Amino acid sequence: MPEERPNVAYFSMEIALEADIPTYSGGLGVLAGDTLRSCADLGLQVCGITLLHRKGYFRQRIERGGLQIELPDAWQPADHLEPLEPRVEVAIGGAPVRVRAWRYRIVGVRGQAVDVLLLDTDLEENAAPQRALTDHLYGGDTAYRLAQEIVLGVAGVRMLRALGQDGITRFHLNEGHAALAIPELVDEEFTRAGKSDAAGAIERVRDRCAFTTHTPVPAGHDRFPARAAKAALEPRLWQRLRDLGVGSELNLTALALDGARFVNGVAMRHGEVSRGMFPGYPIRSITNGVHTVTWASPPFAKLFDRHLPDWRSDPFALRYAISIDPGEIAAAHAEAKGGLLETVQRLAGERLDPEALTLGFARRSTAYKRPMLALRDVDRLEHIAATIGPLQLVFAGKAHPRDEEGHKLIREIHRVASRCSKQVRVVFLPGYDMRLGGELVAGCDVWLNTPIPPLEASGTSGMKAALNGVPSLSILDGWWVEGCVEGVTGWAIGEDGDGGDLDDAERDRLHAARLYAKLEDSVAPTYYRVPGWFHSIMQHAIALNASYFHSHRMVLQYLFDAYRQHPEEFANAAPTVARVGPRS
Ligand SMILES: *Cc1c(COP(=O)(O)O)cnc(C)c1O
């Protein structure tokens with residue numbers, strides 16, 4: 001191990017800093033925020049870099065029939081952040097763009113801090129189109145997207161330098177959006193080396209870069225035609241991209257794979273899928289985690305304070321939840337559920353039953369997450385409710401403004417909700433964000449997840465649920481492949497790989513059948529008829545899963561595997577993980 005202390009620059013297009021700062025759209029941003037919160041708690045030397053997103057992602061309004069309206073979510077950076085002096089410049093499409101940074105300081109449990117730099121182009125000296133470049137997260141067209149990625153990657157590195165950050169030992173690219181940091185770093189090296197040794201410059205940069213991929217489908221990766229990239233980038237940077245082997249198109253994932261020595265997927269299964277998608281790259285797995293103090297609901301924070309006094313600084317202590325009386329866990333959960341039901345009444349005008357089995361489903365509304373899977377056959381749900389006990393399903397989620405299918409799914413949930421009976425109630429809560437997410441994961445009885453495998457790279461909301469004693473009922477994908485102990489931490493929907501050989505419609509029909517069977521045979525009978533057993537499952541969700549799927553463990557793995565090792569130690573080591581999955 002080298003003696004030098006790791007000094008990490010962590011780049012992410014979105015970072016969820018707090019509920020009132022709308023600089024994130026979903027799981028990627030929440031993960032980035034949780035990562036940096038754990039880095040602060042652990043006293044690591046890390047600096048986050050992102051864009052300011054002055055108009056946020058969007059505020060969701062739902063009109064009659066489930067029509068999603070997107071409103072700007074403007075906020076006041078000056079209320080939360082400190083403006084910094086330095087200005088850096090980057091040319092985009094030949095036009096100079098001046099960039100400044102605002103600083104957000106995350107203070108950890110032991111008082112150590114991690115700074116986050118939010119890059120901002122809304123400066124008087126910039127022309128109007130350039131001023132708007134850091135307004136909208138995932139807004140605009142591909143040219144806007146590329147310009148934002150230039151600001152993040154290229155101006156991000158320049159800003160670190162302007163702030164005197166010369167001792168960075170790792171540049172961690174959280175997803176491919178920041179990959180343009182690589183040609184900028186290569187250009188720095190190239191200039192330093194006296195403009196001769198491109199290959200040597202690239203190798204030195206590779207040693208310092210780590211890349212976390214989050215996207216298990218090729219279509220999810222940002223790609224630009226070479227012509228557009230060449231026109232947008234400074235000529236020097238385009239030349240460095242050519243040195244890096246960029247040909248007819250600029251693919252940011254490919255660039256990050258080639259430019260980073262350490263590459264990882266975000267769950268064991270996702271690492272496996274990524275190795276299949278990108279053969280030849282030694283892709284590791286570091287399974288995601290959630291920041292315990294952020295995601296423990298107030299009743300559970302109180303419970304843990306009482307029984308596990310170290311849990312805030314040491315979330316591994318959650319293992320000892322095995323010694324907490326399950327009745328106390330049930331009581332804390334009842335309090336969280338009561339809070340959620342008040343929120344349901346406020347947001348949806350529905351008074352739900354605190355005794356009824358309540359399933360939660362909140363995540364980005366997009367096709368692969370299949371929010372309608374549980375609602376395909378309402379008659380079946382009615383039958384289960386009539387024979388075992390009433391069911392309540394609470395939904396939330398935003399569709400990306402251009403995701404037509406995601407919008408349609410919200411309308412379909414509303415269509416079902418408008419026809420639901422007393423026995424099967426369905427509600428949709430508008431405005432899914434960190435705050436509502438926190439209430440939902442803690443206040444439902446069972447957390448439902450129905451992605452099309454293997455498209456859920458990790459998923460993290462089920463980890464937040466586990467922390468609050470809420471077991472998952474989920475397809476075996478992402479983190480659940482590792483987290484599911486059947487009937488102990490929750491339940492799997494079907495077996496690993498079920499329906500993988502079927503066409504989409506048949507696969508969905510099979511998965512829905514498996515979901516209903518598990519609900520009818522295991523989940524609902526346990527909840528209604530053997531509550532003591534259900535409480536013990538809640539306890540095991542905490543003791544077995546919350547004690548592991550937290551971001552301190554994840555960050556420590558990054559520290560050991562990606563930040564602290566000499567690059568040559570991980571250079572060519574083959575990933576050790578074979579196929580993973582529950583054993584039968
Ligand atoms: C945790 C969280 C997510 C990610 O949840 P998944 O299970 O990965 O889909 C998305 N959005 C918000 C607001 C969250 O808090």
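Read-outs: derived from the displayed coordinates by stated rules, not from any lab. Keep in mind that what you see is a predicted model, and the values were worked out from it rather than measured. Heads up, the Cβs are rebuilt from the backbone with ideal geometry, glycines too, and the neighbour counts pull from every protein chain shown.
For Lys230, the lysines whose Cα falls under 25 Å of its own Cα, not counting residues fewer than eight places away in the same chain, are Lys195. From its DSSP helices (H runs of at least four residues, each -39,500 (n - 2.57)), the chain gives a residue-normalised ellipticity at 222 nm of -11000 deg cm²/dmol.
Taking trypsin sites (Lys or Arg not before Pro) across the range 126-214, the ones in a DSSP loop with at most 14 further Cβ atoms lying within 10 angstrom of their Cβ are Lys195.
Against the chain, whose longest principal axis comes from its Cα atoms, helix 504-518 is set at around 50 degrees. Of the peptides 218-229, 445-456, 326-337, the ranking by mean beta-carbon count within 10 Å, highest at the top, reads 445-456, 326-337, 218-229. When a/c is below 1.5 the answer is rounded, else prolate if a/b is larger than b/c, else oblate, so apply that to the range 292-549 with a ≥ b ≥ c taken from the square roots of the Cα gyration tensor eigenvalues. Because its axes are fairly even, with a/c under 1.5, the range 292-549 counts as rounded. Of the residues Leu255, Leu160, Leu173, the one with the fewest other Cβ atoms within 10 Å heads the list, and the complete ranking is Leu160, Leu255, Leu173.
Considering only Cα atoms, the convex hull volume of the chain works out to 148 Å³ per residue. In terms of its alpha-carbon gyration tensor, the range 159-277 comes out oblate; a/c meets the 1.5 threshold, while b/c is at least as large as a/b. How many angstrom lie between the C-alpha centres of the range 7-36 and the range 314-329? Spelled out, the Cα-based centre of one part sits 28 Å from the other.
How would the range 342-486 be classified by its alpha-carbon gyration tensor: rounded, prolate or oblate, with rounded meaning a/c under 1.5 and the a/b versus b/c comparison settling the rest? It is rounded, given that a/c, with a ≥ b ≥ c, falls under 1.5.
With 10 angstrom as the radius, rank Ser472, Ser25, Ser248 by how many other C-beta atoms surround their C-beta, starting from the fewest. Before the final figure, lay out the partial values.
Numbers: Ser472 27, Ser25 21, Ser248 7.
If I rank by nearby Cβ atoms, fewest first, I get Ser248, Ser25, Ser472.
By the count of neighbouring beta-carbon atoms within 10 Å, fewest first, Ser12, Ser196, Ser313, Ser547 end up ordered Ser196, Ser313, Ser547, Ser12.
Residue pairs exceeding 26 angstrom between C-alpha atoms, taken from Lys55/Lys337; Lys55/Lys464; Lys302/Lys369; Lys464/Lys518: Lys55/Lys337; Lys55/Lys464; Lys302/Lys369.
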